[in-house]
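All remarks here apply to the structure that follows.
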Amino acid sequence: MNNLLVLPLIIPIITAVVLVFLREQILLQRVISFLTMIFISIISFLLLNIVKTDGIIRLDFSGWLPPFGILFVADSFSILLVLTASILTTICLLYAFSTIGNKHEKMFFYPFVLFLIAGVNGSFLTGDIFNLFVCFEVMLLASYVLVALGGGRRQLRESLKYVLINVVASWMFLIALAFLYGTVKTLNMAHIAVRVAEVGQDSLLTTVAILLLIVFSLKAGLLLFFWLPGSYSVPPTVVQALFAALLTKVGIYALIRTFTLMFPLNQDVTHTIIGIMAGITLVLGCMGALSGRDIYTIATYNVIIGVGFILIGLAVGTEIALTGAIYYIIHDMLAKALLFLLIGMMFYVSGGETIVKKMSGLITNYPLFGWIYFLVMLALAGIPPLSGFMGKVLIGQGAIEAESYVLLALGFASSIIVLYSLLRIFLASFFGETTISFEDKKPIPKGAYVSFILLALSIVFVGVGAESLAVYVKDAAKTLMNPSIYIDAILKG
């Protein structure tokens with residue numbers, strides 16, 4: 001059964017290569033890509049239950065045992081994220097079928113979405129930090145194409161900025177890896193943890209840890225997010241949703257894995273820096289959301305607020321805070337994908353309008369659409385019993401236990417700002433006298449409505465069904481808090 005571990009990476013890559021040769025066969029591309037993602041979702045669910053029953057599992061490539069070979073590792077944390085990413089990508093494809101257009105579909109949209117999810121899944125599953133770099137690059141190469149899809153002038157400008165920032169981050173990542181390997185003579189994550197514990201986290205290793213912190217913060221949008229608002233607002237709507245749901249979460253995953261497994265010893269330095277960065281990110285994200293006049297600016301700054309809130313859980317560092325962070329990552333992936341799909345549809349039905357005050361009365365023409373937006377707004381604000389509530393409560397409880405009252409205050413103040421910023425859109429754009437005449441009313445495609453409903457149901461399930469997820473989430477938090485569980489499964493399993 002361990003051989004299943006490679007499928008979330010290799011199946012999308014193989015399928016993407018096949019789809020490149022089916023450029024003109026749009027319907028066939030849709031069917032194959034959709035079935036591929038359903039298959040990966042099923043495999044991910046099976047792996048999650050295998051981990052629940054048998055514990056952490058690994059796959060050693062070419063028969064080389066750790067720490068010498070390349071390996072994939074599935075614990076509850078990584079496989080929960082793989083499952084969530086696969087499900088939301090499947091749903092986003094439904095939206096794409098009816099909205100992306102033949103022009104983009106013939107520009108290899110589906111192959112690059114599959115390459116993107118392959119890189120994301122590989123990043124979650126790898127047990128080797130160099131292969132984390134490789135999977136990052138697979139994900140980023142696909143995102144470079146997707147962010148420029150369409151080729152508009154503003155798109156190309158923002159794409160160039162996005163590529164340059166990530167190239168610099170990748171260069172810094174390689175430098176950090178070189179110093180890390182030169183010091184501990186291994187790149188296996190579990191073995192790095194052992195070596196760091198043996199030699200102690202001296203000043204050189206702490207410097208390497210801080211360099212990795214900067215790299216992953218750039219990827220996650222933690223404090224160093226100046227590139228994010230522009231880059232996330234220019235590609236097609238479905239690409240925006242995938243970026244908001246997936247790309248920052250890979251950076252967050254790397255931060256959590258790095259500072260709970262490989263560099264957990266000098267937390268007075270690393271976790272304090274993460275806490276300061278998370279707090280500043282929340283403040284700046286709230287300022288951006290409050291000052292935003294258009295729907296895309298408000299939505300992208302809400303992504304930034306989510307990053308800061310999740311990483312409060314890592315900065316606090318207690319088991320209950322990490323439990324809350326895992327719940328909140330799952331929630332944020334689903335809710336941000338839905339938010340960007342809804343924002344994109346608002347742009348479409350209003351004839352290309354983005355300024356909040358210039359739209360009104362949308363709920364008159366599209367009542368179901370309006371109330372789904374209301375639902376995701378409540379979820380992002382953490383209103384019970386929706387998906388954001390459990391994560392916020394647990395992170396808050398962890399912050400109280402650790403006496404991190406400043407982060408607690410910033411975190412819950414940000415929830416009020418999130419509610420206010422999204423409520424501005426709801427009240428101004430959905431209520432009042434409609435600006436769309438009967439003749440100008442554009443129908444929302446059925447595929448888009450299906451994707452909205454499925455993501456909305458997912459948000460409700462994660463909130464109402466939090467108890468059914470608890471066994472997986474608590475196991476994930478336990479493994480993060482006790483790295484010896486992960487290390488023993490790799491080096492002694």
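Any chance you could count how many residues in the stretch 152-188 are at positive phi and surrounded by 17 or more Cβ atoms within 10 Å (Cβ to Cβ)?
0
Taking the stretch 130-151 on its own, how many of its residues are in contact with a Leu (Cβ under 7 Å, 6 or more places away or on another chain), aliphatic (A, V, I, L, M) and assigned to a helix (DSSP H, G or I)?
Within the stretch 130-151, residues that are in contact with a Leu (Cβ under 7 Å, 6 or more places away or on another chain), aliphatic (A, V, I, L, M) and assigned to a helix (DSSP H, G or I) number 3.
Which number in (1) touching a residue at least 24 places away in the same chain (Cβ under 8 Å); (2) on the phi > 0 side of the Ramachandran plot marks the one condition that Gly463 misses?
(2)
How many of the residues making up the stretch 241-250 are modelled with pLDDT under 95 and in contact with a Gly (Cβ under 8 Å, 6 or more places away or on another chain)?
1
How many residues does the stretch 325-370 hold that are β-branched (Val, Ile, Thr) and without any contact (Cβ under 8 Å) to a residue 12 or more places away in the chain?
0
Surrounded by 23 or more Cβ atoms within 10 Å (Cβ to Cβ) and either of a type in the set (Lys, Arg) or over 15 Å from Ala335 (Cα atoms) (or both): is that true of Leu394 in this structure?
Working: surrounded by 23 or more Cβ atoms within 10 Å (Cβ to Cβ): yes; either of a type in the set (Lys, Arg) or over 15 Å from Ala335 (Cα atoms) (or both): yes.
Criteria met by Leu394.
Mind listing whichever residues of the stretch 292-325 are on the phi < 0 side of the Ramachandran plot, more than 18 Å from the chain's Cα centre (by Cα) and of a type in the set (Gly, Ala, Ser)?
Gly292, Ala315, Ala321
I'd like to know if the stretch 356-377 contains one or more residues that are surrounded by 15 or more Cβ atoms within 10 Å (Cβ to Cβ), in contact with a strand residue (DSSP E or B) (Cβ under 8 Å, 6 or more places away or on another chain) and more than 24 Å from Cys92 (Cβ to Cβ).
There is at least one residue in the stretch 356-377 that is surrounded by 15 or more Cβ atoms within 10 Å (Cβ to Cβ), in contact with a strand residue (DSSP E or B) (Cβ under 8 Å, 6 or more places away or on another chain) and more than 24 Å from Cys92 (Cβ to Cβ).
Can you find a residue that is of a type in the set (Ser, Thr, Tyr) and either surrounded by 19 or more Cβ atoms within 10 Å (Cβ to Cβ) or touching a Gly at 6+ places or on another chain (Cβ under 8 Å) (or both) anywhere in the stretch 202-213?
So far as the stretch 202-213 goes, no, none of its residues is of a type in the set (Ser, Thr, Tyr) and either surrounded by 19 or more Cβ atoms within 10 Å (Cβ to Cβ) or touching a Gly at 6+ places or on another chain (Cβ under 8 Å) (or both).
Any residue that is among the hydrophobic types (A, V, I, L, M, F, W, C) and closer than 20 Å to Leu242 by Cβ - is there at least one of those in the stretch 166-180? Quick ask: steps written out before the conclusion?
Taking the stretch 166-180 first, the residues among the hydrophobic types (A, V, I, L, M, F, W, C) are 167-169, 171-180.
Next cut, closer than 20 Å to Leu242 by Cβ only: 169.
Yes, because at least one residue in the stretch 166-180 is among the hydrophobic types (A, V, I, L, M, F, W, C) and closer than 20 Å to Leu242 by Cβ.
Whether any residue in the stretch 238-254 is surrounded by fewer than 24 Cβ atoms within 10 Å (Cβ to Cβ), more than 16 Å from the chain's Cα centre (by Cα) and either at positive phi or not small (Gly, Ala, Ser) (or both) is what I want to check.
No; the residues of the stretch 238-254 include none that is surrounded by fewer than 24 Cβ atoms within 10 Å (Cβ to Cβ), more than 16 Å from the chain's Cα centre (by Cα) and either at positive phi or not small (Gly, Ala, Ser) (or both).
Which residues, taken from the stretch 60-80, are of a type in the set (Phe, Trp, Tyr), part of a helix (DSSP H, G or I) and surrounded by fewer than 18 Cβ atoms within 10 Å (Cβ to Cβ)?
Phe61
For the stretch 99-129, name all the residues that are assigned to a helix (DSSP H, G or I) and over 23 Å from the mean Cα position of the chain (by Cα).
Asn102, Lys103, His104, Glu105
Going by the conditions given, is Tyr373 over 29 Å from Thr99 (Cβ atoms) and either touching a residue at least 60 places away in the same chain (Cβ under 8 Å) or not acidic (Asp, Glu) (or both)?
Working: over 29 Å from Thr99 (Cβ atoms): no; either touching a residue at least 60 places away in the same chain (Cβ under 8 Å) or not acidic (Asp, Glu) (or both): yes.
Answer is no for this residue.
Any chance you could count how many residues in the stretch 304-320 are among the small types (Gly, Ala, Ser) and surrounded by fewer than 24 Cβ atoms within 10 Å (Cβ to Cβ)?
1
Condition (residue is modelled with pLDDT of 95 or more, out of contact with any Pro (no Cβ under 9 Å at 6 or more places or on another chain), crowded, with 24+ Cβ neighbours inside 10 Å and within 15 Å of Ile395 (Cβ to Cβ)) applied to the stretch 282-303: is it met by at least one residue?
Checking the stretch 282-303: at least one residue is modelled with pLDDT of 95 or more, out of contact with any Pro (no Cβ under 9 Å at 6 or more places or on another chain), crowded, with 24+ Cβ neighbours inside 10 Å and within 15 Å of Ile395 (Cβ to Cβ).
For Arg23, work out the one condition from (1) under 20 Å from the mean Cα position of the chain (by Cα); (2) part of a loop (DSSP other than H, G, I, E, B) it doesn't fulfil.
Status for Arg23: all satisfied but (1).
Report yes if Lys103 is more than 30 Å from Pro443 (Cα to Cα), of a type outside the set (A, V, I, L, M, F, W, C) and modelled with pLDDT under 95, otherwise no.
Working: more than 30 Å from Pro443 (Cα to Cα): no; of a type outside the set (A, V, I, L, M, F, W, C): yes; modelled with pLDDT under 95: yes.
So Lys103 does not fit the description; no.
Can you tell which of Val163, Val147 is modelled with pLDDT under 95 and more than 26 Å from Ile444 (Cα to Cα)? Steps first, answer last, please.
Values: Val147 fails: more than 26 Å from Ile444 (Cα to Cα).
After applying the criteria, what remains is Val163.
Table: residues versus (1) over 20 Å from the mean Cα position of the chain (by Cα); (2) within 26 Å of Leu141 (Cβ to Cβ); (3) of a type outside the set (Ser, Thr, Tyr); (4) not in a loop (DSSP other than H, G, I, E, B).
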position	(1), (2), (3), (4)
Pro8	no, yes, yes, yes
Phe45	no, no, yes, yes
Asn49	yes, no, yes, yes
Arg58	yes, no, yes, yes
Phe97	yes, yes, yes, yes
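Would you check which residues across the stretch 47-98 are within 17 Å of Ile11 (Cα to Cα), among the polar types (S, T, N, Q) and free of Cβ contacts under 8 Å to residues at least 60 places away in the same chain and list them?
Thr90 - this is the single residue of the stretch 47-98 that is within 17 Å of Ile11 (Cα to Cα), among the polar types (S, T, N, Q) and free of Cβ contacts under 8 Å to residues at least 60 places away in the same chain.
The values are calculated or read from the model by the stated rules, or taken from the named source; none is laboratory data. Predicted model only: the values in this text are computed from it and were never measured. Neighbour counts run over all protein chains shown; Cβ positions are idealised from the backbone, glycine included.
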